[in-house]
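In what follows, a single structure is set out as structure tokens and then discussed.
The values are calculated or read from the model by the stated rules, or taken from the named source; none is laboratory data. Note that the structure is a prediction, hence the values are computed from the model and not measured. Counting neighbours? That spans all protein chains shown, and the Cβs are built from the backbone with ideal geometry, glycine included.
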Amino acid sequence: AKGLGHAVLCASQHVGNEPFAVLLGDDLIDEAESLLSTMMEVQQKTGGSVIALIEVDPSQISAYGCADISVVEGEDYVRVNSLVEKPAVGEAPSNLAVIGRYVLHPAVFGVLENTTPGRGNEIQLTDALQTLAAGEGNGSGVYGVVFKGRRYDTGDKLSYLKAVITLASERVEFGEDLKTWMKAFVS
């Protein structure tokens with residue numbers, strides 16, 4: 001594995017010079033309103049890249065990329081000042097964790113081409129976003145949308161099971177039957 005940054009860079013010939021979305025399959029987002037649509041609107045408004053953020057318990061922040069942010073007055077998004085990949089507990093600039101939804105400006109490709117491998121000897125997308133957050137000019141600037149809905153990390157076995165059970169139990173076709181079976185199973 002060469003890292004998420006390398007995977008994004010491999011898409012450059014297919015994306016061209018347009019903003020594009022990256023959705024990581026191990027982040028299951030259950031939403032009433034489209035997070036991705038909101039992120040695309042923010043990208044069009046700001047011209048930068050947009051990342052999805054969630055609030056996590058400070059004790060869990062070391063499992064995530066973490067954002068240092070500034071509030072943008074009158075807007076429903078924040079400006080990302082800097083990013084730290086998996087900071088130690090107590091060293092994180094906030095409890096806002098980066099989750100697997102990105103709307104990226106194509107300027108990220110040039111940054112990724114010049115990004116040296118970082119943590120785990122991988123090309124980290126976080127490092128490229130950090131460069132864009134600190135830069136000026138076309139495509140620079142990184143913004144965040146704080147997601148308030150339900151999210152499951154399907155890379156974590158327990159979270160995956162919770163997602164399957166929760167979402168299946170809400171299905172009209174078999175939700176009640178599943179709940180009945182679960183009650184019998186746990187008793």
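What residue, of 167, 132, is in contact with a strand residue (DSSP E or B) (Cβ under 6 Å, 6 or more places away or on another chain), at pLDDT 90 or above and of a type in the set (A, V, I, L, M)?
Unique residue meeting the criteria: 132.
Only one of these conditions is not met by residue 138: (1) free of Cβ contacts under 8 Å to residues at least 24 places away in the same chain; (2) in a loop (DSSP other than H, G, I, E, B). Which number is it?
All conditions are met except number (1).
Find the residue count for the stretch 91-123, including only residues that are at pLDDT below 90 and in contact with a Pro (Cβ under 8 Å, 6 or more places away or on another chain).
Counting residues in the stretch 91-123 that are at pLDDT below 90 and in contact with a Pro (Cβ under 8 Å, 6 or more places away or on another chain) gives 0.
For the condition hydrophobic (A, V, I, L, M, F, W, C) and surrounded by fewer than 21 Cβ atoms within 10 Å (Cβ to Cβ), what is the one hit in 84, 80, 98, 50?
The match here is 84.
Can you confirm whether residue 41 is over 17 Å from residue 129 (Cβ atoms) and under 14 Å from the mean Cα position of the chain (by Cα)?
Considered against the rule, which asks whether it is over 17 Å from residue 129 (Cβ atoms) and under 14 Å from the mean Cα position of the chain (by Cα), residue 41 comes out as no.
Out of everything in the stretch 73-108 that is of a type in the set (Gly, Ala, Ser) and in a strand (DSSP E or B), what residue ends up being nearest to residue 16 (Cα to Cα)?
100
Name the single residue that is farthest from residue 85 (Cα to Cα) among those in the stretch 114-161 being of a type in the set (Phe, Trp, Tyr) and surrounded by fewer than 21 Cβ atoms within 10 Å (Cβ to Cβ).
160
Here are 141, 118, 155, 110: which of them is within 27 Å of residue 1 (Cβ to Cβ) and touching a strand residue (DSSP E or B) at 6+ places or on another chain (Cβ under 8 Å)?
Criteria check complete, one pass: 118.
Evaluate the following for residue 36: is it within 15 Å of residue 146 (Cα to Cα), in contact with a helix residue (DSSP H, G or I) (Cβ under 9 Å, 6 or more places away or on another chain) and either of a type in the set (S, T, N, Q) or in contact (Cβ under 8 Å) with a residue 40 or more places away in the chain (or both)?
Judged against the criteria, residue 36 is not a match.
Going by the conditions given, is residue 136 within 22 Å of residue 45 (Cβ to Cβ) and among the acidic types (Asp, Glu)?
Spelling it out, residue 136 is indeed within 22 Å of residue 45 (Cβ to Cβ) and among the acidic types (Asp, Glu).
Considering each residue of the stretch 162-187, count those that are in a loop (DSSP other than H, G, I, E, B) and surrounded by 11 or more Cβ atoms within 10 Å (Cβ to Cβ), and give that number.
3
Taking the stretch 44-72, which residues are of a type outside the set (S, T, N, Q), over 10 Å from residue 96 (Cα atoms) and either under 16 Å from the mean Cα position of the chain (by Cα) or part of a strand (DSSP E or B) (or both)?
Selection gives 48, 50, 51, 63, 71.
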